[in-house]
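Below you'll find the structure, written out as structure tokens, and then a few comments.
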Amino acid sequence: MDKALRSVGNISGALAVGAATLNTCLYNVDGGERAVMFDTLRGGILPKVINEGTHFLIPVIQRPIVMDVRTKPREIPSVTGTKDLQMVNIKMRVLWRPVVEELPKLYRELGTDFDERVLPSIGNEVLKSIVAQYNAEELLSKRGEVSDRIKQEMTKRARNFHLTLDDVAITHLTFGREFTKAIEAKQVAFQEAERQQWVVMRAEQERQAVVTRAEGEAEAAQIITRAMEKTGNAIVEVRRIDAAKEIAAKLAGSRNIVYLPSQNGGGVGGGGGSGGGLLLGIDTK
């Protein structure tokens, strides 16, 4: 019985040692990750990229380095000057990921913190070089063009460091206080110039209206003159009769007007005496 127990103990111990040994010979690469292998006997980092899954290694001799290859965002701020010497506070957002096939070179040259070493430096350099080619106003009016040029240059520079950029965009763009005040003053001056232009146009329209009215009155006077030359004073008498009719119509509607006939004539329709009738305005107060 004792021998059987010792045998079971020995077997259990051997299994435990074997399981521990086997555990040290295995490693996992999770989803969205890749690994490179450091081998002390074969001269350091091996050129093969290890995919996701469970893999074997030789303890002590080999050591896996697991690296994240998923796309990550990073914001790069920079304060730089424009072509017209205005200071600009600009922020750029970059979506980046390492080139999987070049992970051994990337780790050998930059280590695992390659994003901290590469992206801020090339981001600031590209922003300063591109922004310096535009005026402050052009950064606003040509923002799409500026963003495209920054993306092209960033992609080109990042490729030299075994990185791929999926997207590059300007997320924040502000100018100094002096430039903001200058823009506001310019806008006010532009609005004032537009108002003055409107005043000038209105004055010109009023002048043309006066000229047209004067031309119409002059033409009417010429027509009347020609009519008087043809008919004598008949046109004057017609105008006088029309005026008398208008006055009579207004007086007929008034209750305070009294007509007194002359001594020579007998009423409104009397004979042609020398005297005329008299109209009195009686105050009823």
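The values are calculated or read from the model by the stated rules, or taken from the named source; none is laboratory data. All values derive from a computational prediction rather than experimental measurement. A quick note on method: Cβ atoms are made from the backbone with ideal geometry, for glycine too, and the neighbour counts reach across all protein chains shown. We work out accessible area using only protein heavy atoms, side chains counted, and drop any ligands, DNA or RNA first. Shrake-Rupley method; radii C 1.70, N 1.55, O 1.52, S 1.80 Å.
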Could you check, for segment 135-150, whether at least one of its residues is in contact with an Asp or Glu (Cβ under 9 Å, 6 or more places away or on another chain), buried (at least 17 other Cβ atoms within 10 Å of the Cβ) and either among the acidic types (Asp, Glu) or not in a strand (DSSP E or B) (or both)?
-> yes
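Before we move on, is Gly123 surrounded by 12 or more Cβ atoms within 10 Å (Cβ to Cβ) and outside any strand (DSSP E or B)?
Values: surrounded by 12 or more Cβ atoms within 10 Å (Cβ to Cβ): yes; outside any strand (DSSP E or B): yes.
For Gly123, the condition - surrounded by 12 or more Cβ atoms within 10 Å (Cβ to Cβ) and outside any strand (DSSP E or B) - is met.
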Within the set of pairs 6+ apart or on separate chains, which have a first residue in segment 45-58 that is at positive phi and open to solvent by less than 90 Å² (accessible area, probe 1.4 Å), a second that is in a strand (DSSP E or B) and of a type in the set (A, V, I, L, M), and C-beta atoms under 9 Å apart?
-> Gly53/Val29
Within segment 67-114, tally of residues that are of a type in the set (A, V, I, L, M, F, W, C), within 17 Å of Pro47 (Cβ to Cβ) and exposed (fewer than 14 other Cβ atoms within 10 Å of the Cβ) = 0
Members of segment 80-108 that are acidic (Asp, Glu) and at pLDDT 90 or above | Glu101, Glu102
For segment 156-178, does any single residue satisfy the condition of being closer than 14 Å to Glu75 by Cα, surrounded by 13 or more Cβ atoms within 10 Å (Cβ to Cβ), modelled with pLDDT of 90 or more and not β-branched (Val, Ile, Thr)?
-> yes
